[in-house]
1. Rank by packing, highest mean first: peptides 280-290, 196-206, with packing defined as the count of other Cβ atoms within 10 Å averaged across residues.
2. How many angstrom lie between the Cα centre of region 245-260 and the Cα centre of region 290-306?
3. Sorting check: for 136-142, 71-77, 15-21, which peptide has the highest mean count of neighbouring beta carbons within 10 Å, and how do the rest follow?
4. Any chance you could count the Lys pairs in the chain whose alpha carbons are under 28 Å apart, treating pairs 8 or more apart or on different chains as valid?
5. From the gyration tensor of the Cα coordinates in region 149-276, what semi-axes in whole Å does the equivalent ellipsoid have, largest first, with each one equal to sqrt(5λ)?
6. In Å and from the alpha-carbon atoms only, list the Rg and Dmax of region 9-321.
7. Hey, can you rank 124-133, 56-65 by average C-beta count inside 10 Å, highest first?
8. State the Cα centre-to-centre distance between region 61-94 and region 152-173 in whole Å.
Amino acid sequence: MLCCSKTSSSQLTFILTGVPGLEAAHIWLSIPFTCIYVVALVGNCTILFVIGTDPSLHEPMYSFLSMLAITDLGLSLSTMPTVMGVFWANHREISFDACFAQGYFVHSFSFMESSVLLAMAFDRYVAICYPLRYASILTSTRIAKIGLAVMCRCLLGVLPSLLLLRRLPFCRSHVLSHSYCLHQDMIKLACADVTFNSLYSLVVVILVVVLDPLLIVLSYMLIAKAVVSIASPEEHLKVFNSCLSHILAVLVLYIPMAGLSMVHRFGKHASPLVHILMANIYLMVPPVLNPIIYSIKAKQIHRGVLRVLTPKRFFSLWQHGT
């Protein structure tokens with residue numbers, strides 16, 4: 001039902017949605033969501049602990065992996081309060097300011113994930129194509145500058161679109177279609193011309209979500225060209241194994257992102273459940289799978305995770321056995 005009067009942002013309250021049609025089952029649906037958040041939080045905290053406490057992992061590659069784990073933690077913590085509030089307590093109301101803040105962090109950490117994966121692609125390119133200069137190129141100072149640039153790029157890139165949204169009046173239904181606040185969800189409810197907002201958001205998406213995968217693909221094309229020209233088949237396999245964790249992390253992020261984009265563009269008549277499912281997969285799956293991928297595929301991380309989770313006596317026996 002539409003409201004005919006305009007509402008200022010200071011007085012505005014949005015209504016969050018759980019899973020339409022399954023409201024009675026929200027308490028049961030909270031179980032898999034809780035498991036997802038627990039795995040994401042424990043997994044990424046474990047990665048950070050392992051890297052922080054093992055001096056042998058204080059290398060550029062693992063510095064970027066720490067950035068990825070911090071980003072995944074931020075992404076999980078950005079959505080968790082409202083999602084669990086809706087499922088556990090049926091708490092659906094959220095003020096405009098709180099919604100604004102949540103949307104800011106959700107989009108910032110989402111774009112930051114892409115930027116960190118791009119930085120990790122650069123790390124793999126330097127390590128494989130310039131191994132003798134790897135330590136001199138990726139110094140601690142340069143890694144810190146890359147991390148700062150990634151953070152500023154995403155935090156400052158997202159802020160203008162939400163500030164523009166903040167100035168708009170709202171006079172339509174205040175019901176959002178997810179259990180958390182998204183810019184594209186909020187802008188649909190504005191009763192003013194949003195052309196400039198949409199154009200700015202499109203530019204940000206192109207610069208981050210489209211440009212980053214292209215640069216990642218380019219980096220792997222250069223890696224493949226360098227490896228094929230100088231390496232033996234055994235070295236080809238070694239290089240592939242060193243890049244596999246990063247490749248899987250890239251696929252985990254961009255496949256759901258592409259699926260969500262396709263649903264938004266071509267699935268306007270699809271069930272709301274499809275949109276909600278794709279949005280949740282896009283935001284919740286990477287923080288869960290990334291620590292699992294690196295714990296399994298990266299030998300040093302795998303060993304560090306076992307050291308943390310296994311009693312010392314059994315870990316020592318495992319080390320001697322391998």
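1. Per-residue mean Cβ counts within 10 Å order the peptides as 280-290, 196-206.
2. Each part's Cα centre sits 19 Å from the other's.
3. Most protected by this proxy first, the peptides run 71-77, 15-21, 136-142.
4. Final tally of qualifying lysine pairs is 12.
5. Details: eigenvalues 308, 63, 26 Å².
That gives 39, 18, 11 Å for the three semi-axes.
6. 21.3, 68
7. Ranking, from highest mean packing down: 56-65, 124-133.
8. 20
Only the coordinates and a few stated rules stand behind these numbers; no lab work does. All of these numbers come straight from a predicted model, not from anything done at the bench. Because the Cβ atoms are built from the backbone with ideal geometry, glycine has one as well, and the counts that use them run over all protein chains shown.
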